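Some notes on the structure that comes next.
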Amino acid sequence: MNDQTPVIQLKGIGEKTQKLLEKLEIRSVGDLIRHFPRDYETFGEPVMIDAAKPGEVEAVRVCVAGIPNLKKVRGLTILNVTVRDASGGMSLTFYNMPYLKSVLRTGGFYIFRGLVQTRGRSKLMEQPRLYSETDYREKMRFIQPRYGLTKGLTNQTLQKAVKQALTYYEFQPEPYPDWILSDYALASEKEALCDMHFPEDRASLLKARKRAVFDEFFTFLFFLQKNKDLTKKVPNEYPMEEVAAAEAFRNALPFGLTGAQRRVWEEIKADLKGPCCMNRLIQGDVGSGKTIVAVLALLLCVSSGYQGALMAPTEVLAAQHFETLTDYTARYGLPFRPVLLVGSMTAGEKRKAYESIRSGEANLVIGTHALIQEKVVYHSLALVVTDEQHRFGVKQRERLAEKGHLPHVLVMSATPIPRTLALILYGDLQISVIDELPSNRKPIKNCVVNTSYRPKAYEFIARQVSEGRQAYVICPMVEEGELEDCENVADYAGKLRAALPDRIRVEYLHGKMKAGEKNRIMEEFSRGDIQVLVSTTVIEVGINVPNAAVMMVENAERFGLAQLHQLRGRVGRGEHQSYCIFISAKENRETMERLEILNHSNDGFYIASQDLKLRGPGDLFGIRQSGEFAFRTGDIYGDAPILQKAKEAVDRLLTLDPGLEAPEHALLAGRLAQNLENSIDFRSI
């Protein structure tokens with residue numbers, strides 16, 4: 001078997017399982033063995049109920065003490081079971097699992113494993129797993145990999161498939177030269193692939209993970225460095241001169257720019273007037289005012305007789321930008337002639353937009369990735385403003401260059417990255433930092449609590465909704481089975497509907513939905529038709545809803561601090577006091593101390609620096625990051641030392657052999673070319 005072998009050739013994989021695997025983008029054996037576990041767990045000896053620690057996943061061997069009670073609440077079936085052992089009792093709750101009523105016999109002994117929670121003085125578990133004695137003893141023998149799943153696909157099915165694939169896989173020769181393996185103490189590729197799935201112990205797992213992370217960072221930084229060489233001296237084809245319109249707009253705004261905004265604006269102006277094409281990043285905390293600086297740049301562009309473009313990650317956000325810029329144009333007499341271009345527009349609407357762009361009638365184009373599609377022909381595109389979800393790399397530059405354009409590029413990022421890492425990760429960009437918040441923003445009130453606080457949190461959300469506000473609830477997973485021991489979006493929305501008054505409309509949103517459905521939900525929430533939105537981190541860069549005043553994050557311990565801070569930035573955008581509730585299922589001291597940083601600071605760069613100090617590879621399993629640098633395995637905070645070593649290795653390699661032409665680099669050159677051919681998305685490079 002090799003990387004291209006279809007997964008259906010594995011024993012036990014039929015058409016049904018093949019389709020489920022395709023949902024995870026697993027089509028070949030190569031895809032399968034690189035679908036690394038999202039988490040690992042060890043099964044310890046079952047404990048007595050009185051020794052089960054709240055906030056920890058524990059196993060208990062117990063007796064069913066009473067007849068299971070089954071009830072239905074607003075379409076949700078809830079099964080409550082009381083269990084006991086010699087030390088005491090606890091309650092178990094199962095959602096949408098009515099069949100267990102006939103499985104669990106009163107007086108019968110079972111092993112249940114799940115997250116221990118408290119309610120008052122009582123202990124409970126929600127949705128624990130049920131094991132036979134034999135099955136549980138088998139689990140205790142090894143570190144167990146837990147995979148990202150989809151509904152209908154079990155962890156056991158994936159484990160069996162991966163084990164079979166690794167048994168028959170024809171491993172390729174090691175691509176790295178010997179000096180990289182020895183100088184950076186890396187496991188071999190074969191050793192790393194096997195131990196990422198089935199490690200003998202924690203030490204072998206960490207060594208395998210180090211290699212997998214190094215591979216990701218090395219490939220990313222290699223292409224970044226090559227692109228830096230391509231983009232560092234592009235002549236400025238669209239030199240701009242300062243015009244009165246930008247200064248007049250600044251003076252007319254109802255708020256003054258902060259010192260940081262003024263400094264960054266001067267840097268941008270110097271680029272636009274200078275001899276080389278601008279390729280600059282504005283890095284600023286959520287709410288620091290990056291957008292108004294970008295609007296000033298676009299104003300300078302159109303006032304100089306050119307076209308500008310503003311790219312947004314979603315159609316809803318693009319429409320909001322369009323409305324804002326249209327309002328500015330009317331209110332302040334700006335020279336913008338904006339047009340909206342998004343994928344859901346009708347063919348006739350698109351034709352009209354294309355013509356106005358081609359003729360130059362529209363001097364400001366606002367939209368999604370539709371802005372750089374083949375049918376769009378620009379009259380004189382001189383500036384593209386984009387954000388971190390639409391990183392504007394060499395591919396897009398080349399696409400526009402083929403049409404005769406080499407525009408200035410301005411990237412906006414709310415990802416708070418310490419400067420030491422930013423210089424590595426944004427190696428092809430000049431960096432500007434907006435490190436002040438406008439004085440008129442109300443600080444968000446935060447609290448970090450355990451799961452026993454949930455009922456109070458629901459009451460608080462209901463009160464806020466009754467006062468006209470809206471709320472977000474964030475869960476780390478999409479559907480049941482994707483990640484055990486975590487709240488999932490679909491089921492959680494059902495539980496929340498059952499807990500909140502009927503008048504409150506609760507809907508859910510996740511990245512696997514079709515674009516049209518996502519846009520509909522986001523638009524309805526934006527209008528206020530939906531009061532509570534249960535979502536994955538897809539809303540991190542989603543929409544601007546000033547009326548949203550509550551952000552509640554479930555399983556907060558599974559997210560990085562920097563990401564939690566960005567999620568918090570979805571609220572606090574309007575005139576009302578906003579609140580953020582971080583609910584942690586784990587109550588150990590290290591977890592709570594880490595989350596308490598969010599309780600005491602609203603400064604994204606400080607939070608990111610603390611994340612960098614507190615995190616290490618031993619903390620990473622289960623902690624999720626997203627945003628621009630959402631590597632499959634690596635994490636820029638916890639794996640910062642590996643990132644720095646990968647940068648050093650790339651620099652040394654390109655100094656020794658810039659074209660990778662030496663015989664000892666042939667295998668690596670081939671592997672890198674293969675990665676590029678397979679369209680690995682290294683920030684659209």
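Here is how the numbers come out for the structure above:
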| item | result |
| --- | --- |
| Some residue of the stretch 248-261 being of a type in the set (D, E, K, R) and either assigned by TED's automatic domain parsing to the domain that holds ARG568 or without any contact (Cβ under 8 Å) to a residue 40 or more places away in the chain (or both) | no |
| Residues satisfying the stated conditions in the stretch 564-598, i.e. in contact with a helix residue (DSSP H, G or I) (Cβ under 7 Å, 6 or more places away or on another chain), among the polar types (S, T, N, Q) and at pLDDT below 85 | GLN566, THR591 |
| Qualifying positions in the stretch 346-375 - assigned to a loop (DSSP other than H, G, I, E, B), crowded, with 16+ Cβ neighbours inside 10 Å and modelled with pLDDT under 90 | THR368 |
| Leading residue by the ranking (modelled with the highest pLDDT) among those in the stretch 87-102 that are within 28 Å of ARG74 (Cβ to Cβ) and either among the small types (Gly, Ala, Ser) or not assigned by TED's automatic domain parsing to the domain that holds VAL62 (or both) | SER91 |
| Failed criterion for PHE171 (all others in (1) assigned to a helix (DSSP H, G or I); (2) at pLDDT below 95 hold) | (1) |
| Criterion violated by ASP201 - all others in (1) closer than 30 Å to ALA165 by Cβ; (2) surrounded by fewer than 20 Cβ atoms within 10 Å (Cβ to Cβ); (3) without any contact (Cβ under 8 Å) to a residue 40 or more places away in the chain; (4) of a type in the set (Asp, Glu) satisfied | (3) |
| Answer from ALA309, ALA297 - the residue that is closer than 25 Å to VAL376 by Cβ and modelled with pLDDT of 95 or more | ALA297 |
| Members of the stretch 10-25 that are surrounded by 15 or more Cβ atoms within 10 Å (Cβ to Cβ) and free of Cβ contacts under 8 Å to residues at least 60 places away in the same chain | GLN18 |
| Close pairs from the stretch 211-228: first without any contact (Cβ under 8 Å) to a residue 60 or more places away in the chain, partner among the small types (Gly, Ala, Ser), Cβ under 6 Å, at least 6 apart | ARG211/ALA187; ARG211/ALA192 |
| Selected residue [modelled with pLDDT of 90 or more, of a type outside the set (Val, Ile, Thr) and outside the structural domain of ALA499 (by TED's automatic domain parsing)] from ARG74, ARG119, ARG105 | ARG105 |
| Hey, ASP271 closer than 30 Å to HIS565 by Cβ, buried (at least 16 other Cβ atoms within 10 Å of the Cβ) and touching a Leu at 6+ places or on another chain (Cβ under 8 Å) or not | no |
| Unmet requirement for PHE223, which otherwise passes all of (1) within 30 Å of LEU660 (Cα to Cα); (2) more than 24 Å from the chain's Cα centre (by Cα) | (2) |
| Residue check for ASN544: at pLDDT below 90, touching a helix residue (DSSP H, G or I) at 6+ places or on another chain (Cβ under 9 Å) and part of a loop (DSSP other than H, G, I, E, B) | yes |
| Top-ranked residue in the stretch 177-198 [being assigned to a helix (DSSP H, G or I) and among the aliphatic types (A, V, I, L, M); ranked as surrounded by the most Cβ atoms within 10 Å (Cβ to Cβ)] | MET196 |
| Options TYR426, TYR472: the member that is closer than 27 Å to MET311 by Cα and either surrounded by fewer than 17 Cβ atoms within 10 Å (Cβ to Cβ) or at pLDDT 90 or above (or both) | TYR472 |
| Which listed residue is within 29 Å of LEU158 (Cβ to Cβ), of a type in the set (S, T, N, Q) and over 32 Å from the mean Cα position of the chain (by Cα), from GLN18, GLN4, GLN9 | GLN9 |
| Residues located in the stretch 508-525, provided they are more than 19 Å from ASN488 (Cβ to Cβ), crowded, with 17+ Cβ neighbours inside 10 Å and at pLDDT below 90 | ASN519, MET522 |
| Members of the stretch 600-619 that are modelled with pLDDT of 70 or more, in a helix (DSSP H, G or I) and surrounded by 15 or more Cβ atoms within 10 Å (Cβ to Cβ) | GLY604, PHE605, TYR606, ILE607, ALA608, SER609, GLN610, ASP611, LEU612, LEU614 |
| Residue in the stretch 628-638 that is surrounded by 15 or more Cβ atoms within 10 Å (Cβ to Cβ), modelled with pLDDT of 95 or more and among the small types (Gly, Ala, Ser) present | no |
| Pairs where the first residue, in the stretch 306-321, is at negative phi and the second is crowded, with 22+ Cβ neighbours inside 10 Å and among the acidic types (Asp, Glu), C-beta under 8 Å, 6+ apart | MET311/ASP387; ALA312/ASP387; PRO313/ASP387 |
| Members of the stretch 289-327 found to be part of a loop (DSSP other than H, G, I, E, B) and either under 20 Å from THR415 (Cβ atoms) or of a type in the set (S, T, N, Q) (or both), listed by number | GLY289, SER304, ALA312, PRO313, THR314 |
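Rundown of residues vs (1) outside any loop (DSSP other than H, G, I, E, B); (2) without any contact (Cβ under 8 Å) to a residue 24 or more places away in the chain; (3) under 30 Å from ARG568 (Cα atoms), yes/no style:
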site: GLU241; (1), (2), (3): no, no, no
site: ALA245; (1), (2), (3): yes, no, no
site: ASP271; (1), (2), (3): yes, no, no
site: GLY287; (1), (2), (3): no, no, yes
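The values are calculated or read from the model by the stated rules, or taken from the named source; none is laboratory data. Bear in mind that the values here come from a model prediction, so they are computed numbers and not experimental data. FYI the Cβ positions are ideal-geometry reconstructions off the backbone, even for glycines, and counts take in every protein chain you see.
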